[in-house]
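As structure tokens, the structure follows; a few thoughts come after it.
The values are calculated or read from the model by the stated rules, or taken from the named source; none is laboratory data. These figures come from a predicted structure and were not determined experimentally. Note: ideal-geometry Cβ built from the backbone for every residue, glycine included; neighbour counts use all protein chains shown.
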């Protein structure tokens, strides 16, 4: 994607208009901008930390940097996805299936929602856990093909993908820094603010 190349290396950095990022009110309709740019703007506004990578090697390098930055070398990651654990087990990571034994939740997601910069997850990632039962620190591994415009589009894709076996516990990770506006957000089960890193792999 050209946008990510410009934002995170290679070529000239793309300028985002002040109208897009600063002056438009929360309830104003979005400008007609690409879905990847829209997600980036809203995700960063929500307080998320964004690491774009164009290869698995870059993903592993970015993850090592996150671990080093937070002194998590001796901290097992709480993960519920066996395939994710298998993929990263050889990268000097250890895992636990007990949330109380970890400061970090490591997961995949279903979709990245451009409309509000949120991350759509469900029981495939959370099992029966509510967001406030997860560790405060979260690392999400996703791909650019998971970007969609809206929650409605994401839900339609989930329905098409899983047919009659639609997963339960569908919710969004949206608030990545605590403030008075999101401390009691019933859409995310309350007390849901997370310190979140997004590892985004280019796969298009």
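Inclusion of residue 75 among residues that are more than 21 Å from residue 118 (Cβ to Cβ) and either at pLDDT below 95 or exposed (fewer than 13 other Cβ atoms within 10 Å of the Cβ) (or both) is warranted. If the condition is being modelled with pLDDT of 55 or more, crowded, with 19+ Cβ neighbours inside 10 Å and outside any strand (DSSP E or B), then segment 159-204 contributes 174, 175, 176, 192, 193, 194. Residue check: is residue 138 more than 23 Å from residue 33 (Cβ to Cβ), crowded, with 20+ Cβ neighbours inside 10 Å, in contact with a strand residue (DSSP E or B) (Cβ under 8 Å, 6 or more places away or on another chain) and at pLDDT 95 or above? Judged against the criteria, residue 138 is a match. Check 27, 61 and return the single one that is modelled with pLDDT of 95 or more and farther than 26 Å from residue 126 by Cβ. Exactly one residue qualifies, and that residue is 61. Considering 145, 150, which residue is in contact with a strand residue (DSSP E or B) (Cβ under 7 Å, 6 or more places away or on another chain), modelled with pLDDT of 95 or more and either surrounded by fewer than 21 Cβ atoms within 10 Å (Cβ to Cβ) or on the phi > 0 side of the Ramachandran plot (or both)? After ruling out the rest, the residue left standing is 150.
Flag: residue 58 matches the condition of being outside any loop (DSSP other than H, G, I, E, B) and touching a strand residue (DSSP E or B) at 6+ places or on another chain (Cβ under 9 Å).
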